[in-house]
Amino acid sequence: MVGIGIVGLGYWGPNLVRNFNAAQQAEVRCVADRDASRLAKIHSLYPAVDLLQEATEVFERSDVDAVVLATPINTHFELAKMALLAGKHVLVEKPLATSRAEVLELMDIADQKGLQIMVDHTFLYTGAVQKIKSLVDSGEIGDLHYFDSTRINLGLFNPNWSVIWDLAVHDLSIFDYISSGKKPVAVSATGVSHTQMGIEDIAYITLFFNDSTIAHITSSWISPVKIRKTLIGGSKKMVIYDDVEPTEKIKIYDSGFSVSTPEDMHRFYVDYRFGDISIPKVAQTEALLGVANDFVAAILDGKTPISDRLSGLNVVTVLEAAQQSLQQRGKTISLV
Ligand SMILES: NC(=O)c1ccc[n+]([C@@H]2O[C@H](COP(=O)([O-])OP(=O)(O)OC[C@H]3O[C@@H](n4cnc5c(N)ncnc54)[C@H](O)[C@@H]3O)[C@@H](O)[C@H]2O)c1
């Protein structure tokens, strides 16, 4: 059994408590939050779990092997570092930290101590993303031409971190996963704030690669309409992933184009192909349970988790550059 301590019981933390409670070979031993009413709610559901106030109290417990951090973004680095130095494996909520340098430091400490550090990129564990990954890996989609993702709704404003750190993190992690870690060479981002806080609540990120792949991500907290739609276009087929759809989340379009260049090089012909549209069945299991089981397997068996630290590093690297670009009205930031 892996003894688990969970810090942060706000919006997301209780989901982690529920799923670690259901995970195999894990036992939630304690939870911590500075807010007594949040502790009381967990106590009513899980009376055997010890209640603590401060994260540091969790790190001191000898019956805790692994810590799960569901605290605000700006606390991730400091708390994860403290937990690792206290000898605990760590699962950090997305994003893993707020800069590439911080992630590298955490990876370094984890290596020195022989501990796991993992990030919760929940979407990677959904049946839909697993299906897309298998379609890309099997070659069915062909070469990746574009990834175009929109994640907008009336969201909870974060007072300190722009919308990309909250929402684009999901799309970036999905792209990183399905493309097997394809590295962008540059990033450009634009966005604006509609509040006095000056924190961008709507943003558009473009990722450039050293081939003709392009990725574009739209993030917004200010849309009254909820859209969670990703288009993944390849040289052979195109996939639409609509996460708002209750069951038919993925549609595969067997359509495309081919270009032929005749002898006269100043002209070219485009042939369009319109084939079938298919709707594959996708697994409906709860993604967060997959995250919890993967973390425990990483600790017990040394298995590399799906949402591993490199996924965390790649996502934070792009977010950091995108934030720099946002502040310079879309200036292209090189990543090489
Ligand atoms: N994976 C997902 O889909 C998903 C969804 C939502 C949020 N999140 C992530 O979860 C994290 C938390 O987000 P949230 O919306 O639940 O935040 P929240 O503000 O609702 O809750 C954070 C909680 O942490 C507690 N806390 C902070 N510092 C503490 C400390 N040192 N000791 C004890 N308690 C402490 C606060 O009292 C608060 O209750 C963020 O990183 C966010 O990005 C992930």
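Please give the strands (runs of 3 or more DSSP E) falling wholly within region 81-193 in which 3 or more residues are within 18 Å of Val68 (Cα to Cα).
Working: elements: 89-93, 117-120, 144-154, 186-192.
By residue number, 89-93, 117-120.
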Ala70 closer than 23 Å to Leu96 by Cβ and touching a residue at least 24 places away in the same chain (Cβ under 8 Å): yes
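Identify the residue in region 5-28 that is more than 12 Å from the ligand (Cβ to nearest atom) and in a loop (DSSP other than H, G, I, E, B) and, among all such residues, is nearest to Pro72 (Cα to Cα). Spell out how you get there, then give the answer.
The initial filter retains those residues of region 5-28 that are more than 12 Å from the ligand (Cβ to nearest atom), namely 18, 20-28.
Now narrow it down to the ones that are in a loop (DSSP other than H, G, I, E, B): 23-25.
Details: Ala23: 24, Gln24: 27, Gln25: 28 Å.
Residue satisfying both the conditions and the ranking: Ala23.
Taking the options Ser223, Ser193, Ser219, name whichever one is among the hydroxyl-bearing types (Ser, Thr, Tyr) and under 16 Å from Glu320 (Cβ atoms).
Values: Ser223 fails: under 16 Å from Glu320 (Cβ atoms); Ser193 fails: under 16 Å from Glu320 (Cβ atoms).
Ser219 is the lone residue from the list that is among the hydroxyl-bearing types (Ser, Thr, Tyr) and under 16 Å from Glu320 (Cβ atoms).
Can you work out which of the residues in region 210-255 that are of a type in the set (A, V, I, L, M, F, W, C) and either open to solvent by less than 20 Å² (accessible area, probe 1.4 Å) or not in a strand (DSSP E or B) (or both) is farthest from Leu319 (Cα to Cα)? Steps first, answer last, please.
Start the filter on region 210-255 by keeping residues that are of a type in the set (A, V, I, L, M, F, W, C), which leaves 214-215, 217, 221-222, 225, 227, 231-232, 238-240, 244, 250, 252.
Those left that are additionally either open to solvent by less than 20 Å² (accessible area, probe 1.4 Å) or not in a strand (DSSP E or B) (or both): 215, 217, 221, 232, 239, 244, 250, 252.
Numbers: Ala215: 14, Ile217: 12, Trp221: 17, Ile232: 21, Val239: 25, Val244: 25, Ile250: 27, Ile252: 29 Å.
Looking at the filtered set, the residue picked out is Ile252.
Looking only at region 29-86, how many residues end up being under 25 Å from Gly114 (Cβ atoms), near the ligand (Cβ under 9 Å from one of its atoms) and open to solvent by 60 Å² or more (accessible area, probe 1.4 Å)? Step through it out loud before you land on a result.
From region 29-86, those under 25 Å from Gly114 (Cβ atoms) are 29-30, 32, 55-71, 75-86; that's our starting set.
Retained after the next criterion (residues that are near the ligand (Cβ under 9 Å from one of its atoms)): 32, 55-58, 69-71, 75-76, 78-79.
Subsequent filtering for residues that are open to solvent by 60 Å² or more (accessible area, probe 1.4 Å) retains 57, 78.
Of the residues in region 29-86, 2 are under 25 Å from Gly114 (Cβ atoms), near the ligand (Cβ under 9 Å from one of its atoms) and open to solvent by 60 Å² or more (accessible area, probe 1.4 Å).
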Unmet criterion (only one of (1) over 23 Å from Phe20 (Cα atoms); (2) within 14 Å of the ligand (Cβ to nearest atom); (3) not small (Gly, Ala, Ser)) for Val92: (1)
Among (1) open to solvent by less than 50 Å² (accessible area, probe 1.4 Å); (2) farther than 23 Å from Asn293 by Cβ; (3) within 11 Å of the ligand (Cβ to nearest atom) - the single one Glu102 does not satisfy: (3)
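Have a look at Ile117, Ile132 and point out the one that is surrounded by 15 or more Cβ atoms within 10 Å (Cβ to Cβ) and more than 16 Å from the ligand (Cβ to nearest atom).
Working: Ile117 fails: more than 16 Å from the ligand (Cβ to nearest atom).
Criteria check complete, one pass: Ile132.
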Which of (1) open to solvent by 50 Å² or more (accessible area, probe 1.4 Å); (2) away from the ligand (no atom under 14 Å from the Cβ) does Val2 not meet, given it meets every other one? (1)
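The values are calculated or read from the model by the stated rules, or taken from the named source; none is laboratory data. The structure presented is a predicted model; accordingly, all values stated were derived computationally and were not measured. Virtual Cβ from ideal backbone geometry, glycine too; neighbours counted across all protein chains shown. The protein model used for the area step is the full one, side chains on, heavy atoms only, and it has no ligands, DNA or RNA in it. Shrake-Rupley method; radii C 1.70, N 1.55, O 1.52, S 1.80 Å.
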